[in-house]
Amino acid sequence: MISTETFRQLALSFPEATEQPHFEKPSFRVGKRIFATLDVPNQLATLKLSERDQDLFSVYDRTIIYPVPNKWGKQGWTRVDLARVPEPMLRDALTAAYCEVAPARLAAATVAAAVKSQTQAEGEG
């Protein structure tokens, strides 16, 4: 289970990410663009993914990661059940969401750092 505090720390670990209120929920932004929101009482996160990434992550288990069931879902907004999602998958989905809305320079640096980290982890294993 991913705690809401762990989610918050992960979301704020991206370059220039900030937390701001969005209606009744915390939102996580880069610049003025939202890449995630957090529904604390229900242990759900909502991420802004590309249509391709939404399909890819939803393949894992549509009861854990799934499109928001309305027009927002068709725009890439995707729910994540924090009580059931594996942490590595959440990290990957958050990275994809951040890169979806971040300026190109920040997205490129984030992807490069993720690739470097993955390569190092594979070298250790």
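What follows draws every value from the coordinates through simple rules; no lab data is involved. Computed from a predicted model, the values in this text were never measured in an experiment. In this analysis, Cβ positions are derived from the backbone assuming ideal geometry, glycine residues included, and neighbour counts consider all displayed protein chains.
Filter the chymotrypsin sites (Phe, Trp or Tyr not before Pro) in region 39-125 to those in DSSP coil with at most 15 other Cβ atoms within 10 Å of their Cβ, and list the result.
Here the chymotrypsin sites (Phe, Trp or Tyr not before Pro) that fit, given the DSSP loop and packing criteria, are Tyr60.
Within the chain, which is the longest segment that contains none of the trypsin sites (Lys or Arg not before Pro) sitting in a DSSP loop with at most 11 other Cβ atoms within 10 Å? Within the chain, the longest run free of exposed trypsin sites (Lys or Arg not before Pro) spans 63-125. Among the GluC sites (Glu not before Pro) within region 1-47, which fall in a DSSP loop and have no more than 10 other Cβ atoms within 10 Å of their own Cβ? Listed in order of number, the matching sites are Glu24.
3J(HN,Hα) couplings calculated from phi for region 103-111 with the Karplus curve 6.51 cos²θ - 1.76 cosθ + 1.60 (θ = phi - 60°) are, in sequence order, x, 3, 5, 6, 4, 4, 5, 5, 5 Hz; Gly and Pro show x.
Using the Cβ-Cβ distance between Ala108 and Gln20 with R0 set to 22 Å, the FRET efficiency works out to roughly 0.35. For Lys32, the lysines whose Cα falls under 25 Å of its own Cα, not counting residues fewer than eight places away in the same chain, are Lys48, Lys71, Lys74. Taking label positions 7 Å along the Cα-Cβ direction at both Thr6 and Ala83, the computed distance is 1.5 nm, reported to one decimal. Shown here for region 85-125: GluC sites (Glu not before Pro) in loop regions (DSSP other than H, G, I, E, B) with at most 15 other Cβ atoms within 10 Å, of which there are none. When the helices of the chain are scored as -39500 (n - 2.57) per DSSP H run of n ≥ 4 and the total is divided over every residue, the value at 222 nm lands at -14000 deg cm²/dmol. The Cα center of region 1-17 and the Cα center of region 43-74 differ in position by 18 Å. Note on Val115 and Leu56: their simple-model spin labels are 1.3 nm apart, each label 7 Å out from Cα toward Cβ.
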